[in-house]
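In what follows, a single structure is set out as structure tokens and then discussed.
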Amino acid sequence: MDRKQLDRVAGVLSAVGSPYLVGPATILAVLLAAPGTGTEKLAWAFICIVLPMVGPLLFTLWMMKKGLITDLHITLRHQRGSVFLVASLCALLAYGILVLTAAPPLMLALGRAYLANCCLLAAVTSQWKISIHGAFLGSGTVIVGAVHGVWAGLLAAAFLVLVGWSRTWRGRHTWAQVLTGAGTAALVTWLAMRA
């Protein structure tokens, strides 16, 4: 493969591995294994996808339209603060609703993990450009592995490595930023699920 082809592959992997896609895909993978009726699962999908993930996405798009941030993945670290604040507030709201509606333990663990990761990543990214792609994939790998077994976790980990390569190839992150994001989020998620 020549450089141009590798650029294309990296661009596709980066887009497919976007937190805006990985987050909802992880939630849907969990819902397949979660107990409850179809209606309950739809309600949990709404709480866990629309509030904490679509809310920040819409805010990001609005910020882009206003010219306050330059791109969807918020490449410039100094532009991330307000988006992370909105994401953390949306995650807190979603988790509060899960608690109030007596969601099953698996969904509560997911809400806890997302909220804890949002707060931690917000704190880190204010000082250093940690990889959010890496964080979502690290967290997703732990969740998918816990819910669907080792082989599913290994497939998710392989995808994490490919997306990590794409982010470094495109010059968006260093391997240290990708691995720190993935490792930190994986640990926080594991602790949240154990709690």
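Coordinate-derived values only; no laboratory data. Small disclaimer: the values here were computed from a predicted structure and weren't measured. We place every Cβ from the backbone using ideal geometry, glycine too, and count neighbours over all the protein chains shown.
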**Request:** Give me the angle, in degrees from 0 to 90, between the Cα long axis of helix 105-125 and the longest principal axis of the Cα atoms of the chain, rounded to the nearest 10.
**Result:** 30
**Complete:** Inter-part gap, Cα centre of the stretch 80-147 to Cα centre of the stretch 1-69, in whole angstrom, is 13
**Message:** With a 10 Å cut-off between alpha carbons and a GNM built on the chain, which of 177, 127, 79 moves the most?
**Reply:** 127
**Request:** Give me the number: length gained by fully extending residue 194 to residue 101, i.e. 0.36 nm times residue separation minus the C-alpha to C-alpha distance, one decimal in nm.
**Result:** 31.4 nm
**Request:** Run the dipole for the chain about the Cα centre, Lys and Arg Cβ at +1, Asp and Glu Cβ at -1, nothing else charged, and hand back the magnitude in debye, nearest 20.
**Result:** 460
**Complete:** Non-local residues with an amide H under 5 Å from the amide H of residue 173, with H modelled 1.01 Å from N and Pro and chain starts lacking one, are 168
**Fill in**
If one builds a Gaussian network model of the chain from Cα atoms under 10 Å apart, the most fluctuating residue listed among 64, 107, 53 is 64
**Asked** How far is helix 3-16 tilted off the main Cα axis of the chain, in degrees rounded to 10, range 0 to 90?
**Response** 20
**Item:** Percentage of interatomic Cα-Cα distances in the chain larger than 26 Å
**Value:** 29
**Fill in**
Beyond 21 Å, the calculated P(r) of the stretch 64-146 holds a percent of Cα-Cα pairs equal to 36
**Prompt:** So which residue, out of 56, 104, 24, gets the largest mean-square fluctuation from a GNM of the chain using Cα contacts under 10 Å as springs?
**Reply:** 104
